[in-house]
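A.B. asks: What follows is a single structure, and I will ask about it in a moment.
The values are calculated or read from the model by the stated rules, or taken from the named source; none is laboratory data. The structure displayed is predicted, hence computed values, not measured ones. Every residue, glycine as well, gets a Cβ built from its backbone with ideal geometry; the counts of neighbours run over all protein chains shown.
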Amino acid sequence: MQWESIGKSAAGGNSNKILSYGFTDPFPSAGINYYQLVEYDFDGAHQESKIIFITYEVKEETHLAAYPNPVSTYTTFNFYSEKSEIYYLKGFTMNGEEIYAAKVFGIPGENRFKFSLENFSVGVYSFQLSDENGKIITAIKVVKVD
C-alpha cells in the first residue's frame, strides 16, 4: 500500500492521564478507506497502529452540487432530500482544517442555498454533507478564484 498523510494532531506532551485524540478524514473515497495512525515521540521514534478500514457509502439520491464552480464570491449548493431532515454542512481546507460548520434543514425534493466564499482565500475546499448522526452522505470540492 502507498500511504498518504491526511492530517496531524498536536501532541499533549508528557502526562500521567489518558489522552484522547480524534481526526475526521475530510476527503473519504467512495468504497473502502484504510487508515493507520503513526505516533511520533519528541526524540523522533515512532510507533504504528494496526491498519483499520472503513467503508464510505455515497447515497446517490443526496448528491451535493455547487454552481458556479470555480467561484469568486457566491456559489449555490444544491442537494436532494427524500424527507424533511436535519443535515450538517462542513467545509475543510486541503490540509483537513475545518473552517466552516452549519446545520442545514432539508425538505423533501430539491434544496438550494446561496453560500458566500468572499472571506475565503483563493484555493480548493472540500464541503461535506452529513446526516444528523454524523455519517457523511456526500462531499464536493469547490475552487475559490479571484
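A.B. asks: How many of the residues making up segment 118-136 are exposed (fewer than 15 other Cβ atoms within 10 Å of the Cβ) and within 14 Å of I86 (Cα to Cα)?
C.D. replies: 4
A.B. asks: Which numbered condition trips up K114, out of (1) among the basic types (K, R); (2) touching a strand residue (DSSP E or B) at 6+ places or on another chain (Cβ under 7 Å); (3) free of Cβ contacts under 8 Å to residues at least 40 places away in the same chain?
C.D. replies: Here K114 clears every test but (3).
A.B. asks: A follow-up question, please. Specify the residue that is modelled with the lowest pLDDT; the eligible residues are those in segment 12-50 that are of a type in the set (G, A, S) and either in a strand (DSSP E or B) or within 29 Å of A139 (Cβ to Cβ) (or both).
C.D. replies: Taking segment 12-50 and keeping what is of a type in the set (G, A, S), we get 12-13, 15, 20, 22, 29-31, 44-45, 49.
When the remaining residues are screened for being either in a strand (DSSP E or B) or within 29 Å of A139 (Cβ to Cβ) (or both), the result is 20, 22, 29-31, 49.
Values: S20: 76, G22: 72, S29: 67, A30: 63, G31: 72, S49: 89.
So the residue we want is A30.
A.B. asks: Looking at segment 53-67, is at least one residue surrounded by fewer than 17 Cβ atoms within 10 Å (Cβ to Cβ), among the β-branched types (V, I, T) and farther than 26 Å from E4 by Cβ?
C.D. replies: No: zero hits.
A.B. asks: Checking Y88 against (1) among the aromatic types (F, W, Y); (2) within 25 Å of E4 (Cβ to Cβ); (3) at pLDDT 85 or above, only one condition comes out false. Which one?
C.D. replies: The single condition Y88 does not satisfy is (2).
A.B. asks: For segment 101-117: of the residues being in contact with a Lys or Arg (Cβ under 9 Å, 6 or more places away or on another chain) and surrounded by fewer than 14 Cβ atoms within 10 Å (Cβ to Cβ), which is nearest to S5 (Cα to Cα)? Break it down into steps so the answer makes sense when it comes.
C.D. replies: Pass one, segment 101-117, residues in contact with a Lys or Arg (Cβ under 9 Å, 6 or more places away or on another chain): 101-102, 106-108, 117.
Subset that is surrounded by fewer than 14 Cβ atoms within 10 Å (Cβ to Cβ): 101-102, 107-108.
On the way: A101: 23, A102: 27, I107: 37, P108: 38 Å.
This residue is A101.
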